[in-house]
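Nothing in this text is a laboratory measurement; each read-out follows from the coordinates by a stated rule. Remember, it's a predicted structure, so these values are computed and weren't measured experimentally. Using ideal geometry, Cβ is built from the backbone for each residue, glycine included, and neighbour counts are taken over all protein chains shown.
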Amino acid sequence: MTDENRHAIGVCTFRRPGLADTLATLAKQSAPPGGLMILVADNDEDPTAQELVADFAQQSPHAVIYLHAPARNISVARNAILAAARGRGLRFLAFIDDDELAPPDWYHNLLRAVSESRADAAVGPVRAIYPPDSPGWMARTQSHDTRPETDRHGRPIAGHSCNVIIDLKAAAFDGLLFSPARGRTGGEDTAFFRAAQQRGAVLALVPDAEVTETVLPDRARLGWLLQRRYRMGQTHGSLLAAQDGQGRFRRAAVSAAKLTWCAGAALLALPVATGRNTALVRGALHAGVLADAIGLARVEPYGAPTGAIETERGGS
């Protein structure tokens, strides 16, 4: 490694067999001037991904760094990647999930967008790939897609970490970290980019930097989508409270009204799976906002945090 390596791609992983496929697509990314690093943060208590990453490093055209961040807390893993990138003086850091696949021009398109738009970060969409036996209504509505909502200027309203590039030299990201308190509930990336925007960060949307994600059988269920949207609602509710000081009563009243509307829409569309389930999924989001407003405990799918260590490996 040298100080000339100014670009990195970060991947957080936890016992994900598909990591090998994700890394294979990253090996095909064209390296920008100064070189490209791949940082893999293993969030398992035991270094279960270390051997896979070591094997990949032997064949990768890019430098590969394995980080052991044993916490079952995604924020700890993301912060380990941030620390590794900042410690090496890197400027641009992209994040991709360990179950996503990137086309060969993915990093190039993200880098071009963040450079040409003079933005501080740029986000791309995630398109879900549904197995043939998935429910038809999911495929029709692309319920698992991640497509950033934009403002009237075409800029993303919020950021996410499943397909993004960050300019670490931007003042808005100086010293900024992912919240460990949100690392067990989800929403840590939403809060991270919201904090950056409050510091003045400008986000750009990169439609041609799309990555894909195959929907696994345990996620191709209405129950999984409802739980996911519920957690998103809890995050959104907490950010609303922190952002503009909305009172609990007001947030509870508004979200309860929206939840009631969604319930009515679901009843009206009862015979039609697409309309019914779309209304239910939307209602789960408002249910999450309501739950946060009245102080219900948040879902915490991860364990308690511990430390983070790293092992560095050179690319071939």
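Miscellaneous remarks
- Computed label-point distance, nm, for sites Ala297 and Val254 using a 7 Å Cα→Cβ extension: 2.8 nm
- Sorted ascending by nearby beta carbons within 10 Å, beginning with the fewest, Thr146, Thr212 become Thr212, Thr146.
- Cα-Cα pairs of the chain separated by more than 33 Å (percent): 25 percent
- Karplus (6.51, -1.76, 1.60) ³J(HN,Hα), θ = phi - 60°, over the range 43-51, in Hz, Gly and Pro reported as x: 8, 7, 4, 9, x, 5, 8, 4, 5
- Acute angle (nearest 10 degrees) that the helix 222-244 long axis makes with the longest principal axis of the chain, alpha-carbon atoms: 90 degrees
- The range 136-171 and the range 1-78 have their alpha-carbon centroids 22 Å apart.
- Neighbour counts of other Cβ atoms within 10 Å put Arg248, Arg155 in the fewest-to-most order Arg248, Arg155.
- Of Ile129, Ile165, the sequence from fewest to most neighbouring Cβ atoms within 10 angstrom is Ile129, Ile165.
- Spin-label model, Trp224/Gln58: points 7 Å from Cα along the beta carbon direction are separated by 3.3 nm.
- The chain: calculated mean residue ellipticity at 222 nm from DSSP helix runs of at least 4, using -39500 (n - 2.57): -13000 deg cm²/dmol
- Label reach from Leu177 (point 7 Å along Cα→C-beta): in the range 65-84, amide nitrogens under 13 Å belong to 75-84.
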